[in-house]
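J.: Once you've had a glance at the structure underneath, I'll fire off some questions.
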Amino acid sequence: MTSTRERQRAAARARLEREMAERAAAARKRRQWQVSIGAGVAVLVLAVGVVLLVNVAGDDDTTTPAADASGGPVSCVWNEVPKEERSETTKDVGVPPVTSPANTGTKTMTVDTNFGKINVNMDLSKSPCSAESFSFLASKKFFDGTKCHRMFPGMLQCGDPSAKGKGYRDSDGTGGPSYRYANEYLPANERPAYPAGVVALANSGPDSNGSQFFFIYQDVELQPDYTIIGKVDQAGLDVIKKATEKGHDGAFDPQPGGGHPKDDININALTVA
């Protein structure tokens, strides 16, 4: 005859098994929602259309040593990609000549598209090396004539030099310059980390920034692994929303996720003032 204590133990074991099963199911569901921003390697967790009303005490941002909080000079390191590791999608225009850029004030990056102009305000105190890299690439007309090659709900990705012409939809999204540089402003203590209006750098792992970037046009929750380079105003958001309203073709689903915009989004010119 089963005692009361034995029945209680059996019930406790059953509850534990149910909890473990529920946790495993939740973990599987989270993994199904993971997608990659970079070249199929960088993983983000996307929660579309959800505004997280969370207030976290502490610093507003996390920076690398390149962005010196004391206001002193910064040091940018441009790591050239070995020639044997470059591909047909690499566009070699050299490396930025400046390794100690200004780290006060702002710059304005203007992305002139077939849907209108998008102005990005770049804070030099937070991501000076990223701003310097984009200034250099813009001076080489690196982005001119390219297309934004990938989107998924809330995000539009651009900056691949191989995404151009009628065959850009065959691009695998791995294009970039012949150098990489370190992360800077990472919003580790902000919720959501990437609200609507933010512009951040795509990567294929830590400190692997190149030329690809993405616009956030509605709040998404990502891991804070992507350097924020600036923000767009409401007029810029309106342009992005208009350009993306027809959605994407699903070419990158299920992994890394998303697809080419159904409407071609052309970058006529990208300049930095």
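The values are calculated or read from the model by the stated rules, or taken from the named source; none is laboratory data. In this text, all values refer to a predicted model and were calculated from it rather than measured experimentally. Virtual Cβ from ideal backbone geometry, glycine too; neighbours counted across all protein chains shown. All accessible areas refer to the heavy atoms of the entire protein, side chains included, with ligands and DNA or RNA removed. Shrake-Rupley method; radii C 1.70, N 1.55, O 1.52, S 1.80 Å.
J.: Could you tell me whether any residue of the range 66-78 is of a type in the set (D, E, K, R) and modelled with pLDDT of 95 or more?
T.: no
J.: Right, next: State whether one or more residues within the range 242-260 are more than 25 Å from Ser133 (Cα to Cα), in contact (Cβ under 8 Å) with a residue 40 or more places away in the chain, assigned to a loop (DSSP other than H, G, I, E, B) and touching a helix residue (DSSP H, G or I) at 6+ places or on another chain (Cβ under 6 Å).
T.: Among the residues of the range 242-260, at least one is more than 25 Å from Ser133 (Cα to Cα), in contact (Cβ under 8 Å) with a residue 40 or more places away in the chain, assigned to a loop (DSSP other than H, G, I, E, B) and touching a helix residue (DSSP H, G or I) at 6+ places or on another chain (Cβ under 6 Å), which makes the answer yes.
J.: Please go through the range 114-124 and pick out each residue that is of a type in the set (S, T, N, Q) and either open to solvent by less than 10 Å² (accessible area, probe 1.4 Å) or within 10 Å of Gly236 (Cα to Cα) (or both).
T.: The one that is of a type in the set (S, T, N, Q) and either open to solvent by less than 10 Å² (accessible area, probe 1.4 Å) or within 10 Å of Gly236 (Cα to Cα) (or both): Asn119.
J.: Of all residues being part of a loop (DSSP other than H, G, I, E, B), open to solvent by less than 40 Å² (accessible area, probe 1.4 Å) and among the small types (Gly, Ala, Ser) in the range 166-179, which is farthest from Tyr217 (Cα to Cα)? Just the residue, please.
T.: Per the criteria, the residue is Ser178.
J.: Only one residue in Ser127, Ser133, Ser162 is touching a Ser or Thr at 6+ places or on another chain (Cβ under 9 Å), open to solvent by less than 50 Å² (accessible area, probe 1.4 Å) and either of a type in the set (Phe, Trp, Tyr) or modelled with pLDDT under 95 (or both). Which one?
T.: Ser162
J.: Give just the number: which of (1) modelled with pLDDT under 95; (2) in contact with a Ser or Thr (Cβ under 6 Å, 6 or more places away or on another chain) does Gly257 not satisfy?
T.: It is condition (2) that Gly257 fails.
J.: What residue, among those in the range 180-203 that are farther than 19 Å from Phe215 by Cβ and touching a helix residue (DSSP H, G or I) at 6+ places or on another chain (Cβ under 8 Å), is least open to solvent (accessible area, probe 1.4 Å)?
T.: Here the residue is Tyr181.
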